[in-house]
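Note sheet for the following structure.
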Amino acid sequence: MTGPGTPIAVITGASSGIGAATARQLAAAGYRVVLTARRKDRIEALAAEINEAGHQATAYALDVTDRAAVDEFATAFRTLAVLVNNAGGALGADPVATGDPADWRQMYEVNVIGTLNLTQALLPALIAGGDGTVVVLSSTAGHSTYEGGAGYVAAKNGARVLAETLRLEIVGTPVRVIEIAPGMVKTDEFATTRFRGDTDKAAKVYAGVAEPLTADDVADTITWACTRPPHVNIDLLIVRPRAQASNTKIHREL
């Protein structure tokens with residue numbers, strides 16, 4: 001996977017939404033993108049689309065929570081320019097009193113342990129490249145809680161703290177750590193997955209919000225942060241739609 005000259009970017013959760021949009025934009029910015037996700041057909045189709053557009057992409061089916069598979073994947077890289085830890089997601093919106101521990105565990109495994117797995121496995125290649133970037137996709141949920149969101153908030157807090165601590169621990173190495181924390185983003189799958197396919201509940205999340213963020217909006221901030229001069233570290237970038245003042249204060253035109 002490591003060709004001379006072209007910087008390589010690994011994107012997890014690249015089969016849809018923010019991950020797919022980030023893959024397209026980083027490829028257009030001159031990176032050879034390596035797309036990972038569990039849905040092999042989706043990332044292979046996206047890789048074909050990117051290659052047909054004249055850019056460079058490779059698909060690799062991967063479950064970020066499978067450490068043995070992650071370690072095997074990492075052996076393909078001698079050097080690496082960018083790792084975008086995008087794989088994640090929310091399950092359920094139940095209060096703490098009735099939340100399903102299995103949902104909490106799954107969110108933690110993907111959002112936190114998955115990020116840990118990829119970061120640990122690929123950090124040597126990022127350092128060896130002499131100019132590495134680790135991006136952690138957290139969420140405004142990792143910075144402020146809301147009712148019905150405790151499991152997701154806890155997981156995204158974990159991802160946020162991982163990024164903050166890693167930045168402290170590797171200062172002095174040629175690797176920067178960037179946290180991107182999106183607010184309300186309307187994608188094809190996020191809310192629908194959260195509510196287990198209930199499209200009515202998913203639609204209510206965005207009801208009356210004229211312009212929630214899109215996956216391309218978030219991908220644009222990721223690409224911008226990654227393409228700053230090497231000495232510039234965007235520690236934290238919080239991005240929300242104009243209609244969202246906070247996680248609980250949203251202007252809706254109903």
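Start at zero, step by 5 Å, and the Cα-Cα distances of the chain spread as 1, 6, 13, 19, 21, 17, 11, 7, 3, 1, 0 percent across the bins. When the chain is treated as a Gaussian network with alpha carbon springs shorter than 10 Å, the biggest mean-square fluctuation among Val34, Val110, Val171 belongs to Val171. Distance between the modelled labels on Val96 and Asn233, one decimal in nanometres: 3.3 nm (7 Å Cα→Cβ projection).
With R₀ fixed at 51 Å, the C-beta to C-beta distance from Tyr146 to Gln56 puts the FRET efficiency at about 0.80.
Its alpha carbons give segment 83-212 an Rg and a Dmax of 16.1, 49 Å. Counting only protein heavy atoms and a 1.4 Å probe, the chain has 47 square angstrom of accessible area per residue. Peptide packing: for 181-190, 79-88, 66-75, the average count of neighbouring Cβ atoms within 10 Å per residue gives the ranking 79-88, 181-190, 66-75, highest mean first.
Extents of segment 175-254, taken as max minus min of Cα coordinates on every principal axis and listed largest first, are 46, 25, 18 Å.
Between segment 129-146 and segment 92-123, the C-alpha centres lie 15 angstrom from each other. Nonpolar atom fraction for the chain, defined as the carbon and sulfur part of the 1.4 Å probe accessible area, stands at 52 percent. Angle of helix 215-226 to the longest C-alpha principal axis of the chain, folded into 0 to 90 degrees and rounded to 10: 40°. Please state, rounded to one decimal and in Å, the Kirkwood hydrodynamic radius that segment 3-46 gives when every pair of distinct Cα atoms enters the mean of 1/r. Over segment 3-46, the inverse of the mean reciprocal pair distance is 10.3 Å.
Note on segment 1-87: the C-alpha convex hull projects to 4.9 nm² when averaged across all orientations. Segment 44-86 and segment 159-201 have Cα centres separated by 18 Å.
The values are calculated or read from the model by the stated rules, or taken from the named source; none is laboratory data. Every value quoted in this text rests on a predicted model; they were computed, and no experiment measured them. All Cβ positions, even for glycine, are placed from backbone atoms using ideal geometry, and neighbour counts span all protein chains on display. For the accessible areas, the whole protein counts, side chains as well, though only heavy atoms, and no ligand, DNA or RNA atoms are used. Shrake-Rupley method; radii C 1.70, N 1.55, O 1.52, S 1.80 Å.
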